[in-house]
Amino acid sequence: MDSASTQRTFGLSLSLGMGFALVLSLIVVLVWIGLSRMNDMNQHLMQIVSENNVKMELAHAMNDTLRERAVSMHKITVLTDAIEQNIEYDHFNDEGAAFVEARDKFVNMPLRPNEQGVIARIRALTALTRPPVMQAVQQAMDGGGGAARELIEREVIPLQKQLASILGELVSTEEAASVDAAANASDSYASARRLMFGVGSFAVILGIAIASLVIRHVTRQARLLQHQAMFDALTNLPNRLLFADRLQQTVMIARREKQPFALITLDLDHFKEINDTLGHQVGDQVLQQASTRMLGCLRESDTVARMGGDEYAILLPTTMQTDGATLVAHKLLKAMKAPLSIGDHRVDLDASMGIVLFPEHGDNADELTRRADAAMYQAKRAHSGWNIYNADLEERNQRTLQMGLRSAIARHELVLHYQPKIDLDTNRISGVEALVRWQHPELGLLPPDRFIPLAEQTGLIRALTEYVLREALRQHQAWAQSGRDLPIAVNVSADNIQDPDFPDQVAKLLEEFGTPPSRLELEVTETVIMTKPARAAACITKLNTLGVSVAIDDFGTGYSSMTHLKDMLVGKIKIDRSFVRDMAVSHNDAIIVRSTVDLGHNLGLKVIAEGVEDQAVWQKLKELGCDSAQGYHMGRPMPPEKLIEWLQQSEWGSG
């Protein structure tokens, strides 16, 4: 081969090599773009699934509790009967606690800068609103209803309107965030497509083929994620998020067209027993077959969604009368009652349904859903299959729960879970807090906020407290006999701490179980003590004489002073979790915690921090010299047997 041919061959090889290198480079770029955009879409859609819907629920919860608390405040000012006022005052406090709980859960989630700004404004305005609100309520409780109403109209209402406006802004912010996340995912896909086609136009056939493959994969992934965000993975039915959107759209159309529609909530009866006896795999197949049967009972215009677990919701946008809704309920009930064949198992199924109509039973999505649930629970208790909501339904439900609470105490359905407290100096467990739960035979494990208010309203709180004290001391006795002498803290209510006979009751229980008084600690909230400080002080003095220490729970959320609490012979204070949880990243919270620790120590009080959820907060508390800590970072509330496992396995346990 002559030199010219050699040069031409070399040049062609070089050109081909450079061309192939260019194609490979373009392929790498295309793959990188596709993967990057897929990751963006994943993040945006997962944000919708895991964060925004939860935040919207919490924002609505804050808005609802604020409204209920305002109504309760007005009732207090117009009521003249002292007993009715006290009942309403308890309700007023419950709504305030619910507001704080919802706000704290919201703050504990990852927040964007605009959300942090709104929360900061809510906190600031809450701080401004609290003094005139409490002043008005106290005036009303002291008989000055007229003056209280004037104060409310002059100072409280303008502030509450501002707070309601900010909460409305928060709700709008979360709704906009969901829309933005979905839009960003769509934009990411569109951007990826444009860039990939732009770069692919310079590639050879191989590059175009690979680019096409990546595009198809991105499209499938986007559709899959969109489907996962809006549909239940097990049954392929719409999930809670998609159903909420469809219900809201139906409400808007119904308002505009002035036409009614029906909503049904459905719960499978005894599904837990199916899971427990036949296993979760059979349980999943039951849900799938039940979902298929529901679809067979409905029209194409109807929507059935799985809301979670064994709960479903059915939207009937063209059903305008009760008769039509009950006809659908009959069809659903008949379909559910037909036996299921799953492998070698024959499964008998049943269901309970609640029915509401728009606008007869509610004019917004939240109200309709809540009342449909209330009707469904009534149907479950009555074993009637379905029930239509009526005005007396919720009141009867409350009475049923109240009556059940009395028998629950007698049948030992109340159980105690124990959360460890850790000494920040030794890094070892220093005691536990006993927290009551209700193992309801129909509704499952109920948290205390579902039944403690009922106990206080019905006068059962003293019997409930005695039950909790007895069970806690019984457990302490069992642990002590096995060589684990753990001090136990028990929460007590206003009725207890203001009852002059309560210390004698505690003394008898300590004697019955042979428990040294120093091993029992009673926790009472700051607000409860300040309700009737003279009575509380007398009771705490007797308890101290007995040898039982008293700690102030949720310190920082009430209106007491350190000196006042010191005069009451209080031994410990627990800094409220709302200040502790974010102290590692919030300068203001860190200052509040530092000041509380210093003041508590200067007054000779032990200081406990609750709500410790990460190592950064734990380390910060150690640096501040806080005495003890409690929170999910160390251990959640757990049954006694689980606590023993925790003690043996945890770095904070006693081994």
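Does any residue of the stretch 320-327 turn out to be within 28 Å of the chain's Cα centre (by Cα) and of a type in the set (Ser, Thr, Tyr)? No; the residues of the stretch 320-327 include none that is within 28 Å of the chain's Cα centre (by Cα) and of a type in the set (Ser, Thr, Tyr).
Would you check if there is a residue in the stretch 88-97 being aromatic (Phe, Trp, Tyr), buried (at least 19 other Cβ atoms within 10 Å of the Cβ) and at pLDDT 70 or above?
For the stretch 88-97, residues aromatic (Phe, Trp, Tyr), buried (at least 19 other Cβ atoms within 10 Å of the Cβ) and at pLDDT 70 or above: present.
Out of the residues in the stretch 150-178 that are over 30 Å from residue 113 (Cα atoms) and either crowded, with 18+ Cβ neighbours inside 10 Å or outside the structural domain of residue 96 (by TED's automatic domain parsing) (or both), which is nearest to the chain's Cα centre (by Cα)? Of everything passing the filter in the stretch 150-178, 152 is nearest to the chain's Cα centre (by Cα).
For the stretch 305-317, the condition holds for at least one residue, the condition being that it is touching a helix residue (DSSP H, G or I) at 6+ places or on another chain (Cβ under 6 Å), in contact (Cβ under 8 Å) with a residue 60 or more places away in the chain and part of a loop (DSSP other than H, G, I, E, B). Here residue 407 clears all of (1) surrounded by fewer than 15 Cβ atoms within 10 Å (Cβ to Cβ); (2) in contact (Cβ under 8 Å) with a residue 12 or more places away in the chain; (3) small (Gly, Ala, Ser) except the condition numbered (2).
The rows are residues; the columns are (1) of a type in the set (A, V, I, L, M, F, W, C); (2) in a helix (DSSP H, G or I); (3) closer than 16 Å to residue 332 by Cα.
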| position | (1), (2), (3) |
| --- | --- |
| 244 | yes, yes, no |
| 256 | no, yes, no |
| 266 | yes, no, yes |
| 273 | no, yes, no |
| 284 | no, yes, no |
| 293 | no, yes, yes |
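Of everything in the stretch 108-135, what is part of a helix (DSSP H, G or I) and of a type in the set (Lys, Arg)? Give them in sequence order.
Correct list: 121, 123, 130.
On the given criteria, is residue 489 under 31 Å from the mean Cα position of the chain (by Cα) and of a type in the set (A, V, I, L, M)? Answer is yes for this residue. Among the residues of the stretch 47-78, those that are hydrophobic (A, V, I, L, M, F, W, C) and in contact (Cβ under 8 Å) with a residue 60 or more places away in the chain comprise 48, 49, 56, 59, 62, 66, 70, 73, 76, 78.
One residue alone among 105, 75 is at pLDDT 85 or above, under 23 Å from residue 174 (Cα atoms), in contact with a helix residue (DSSP H, G or I) (Cβ under 6 Å, 6 or more places away or on another chain) and part of a helix (DSSP H, G or I), and that residue is 105. Scanning the stretch 97-130 for residues that are of a type in the set (S, T, N, Q) and closer than 17 Å to residue 613 by Cβ yields one hit, 108. Assess whether residue 472 counts as being surrounded by 17 or more Cβ atoms within 10 Å (Cβ to Cβ), modelled with pLDDT of 95 or more and either touching an Asp or Glu at 6+ places or on another chain (Cβ under 6 Å) or not assigned by TED's automatic domain parsing to the domain that holds residue 547 (or both). So residue 472 fails the test.
The values are calculated or read from the model by the stated rules, or taken from the named source; none is laboratory data. Remember, it's a predicted structure, so these values are computed and weren't measured experimentally. Using ideal geometry, Cβ is built from the backbone for each residue, glycine included, and neighbour counts are taken over all protein chains shown.
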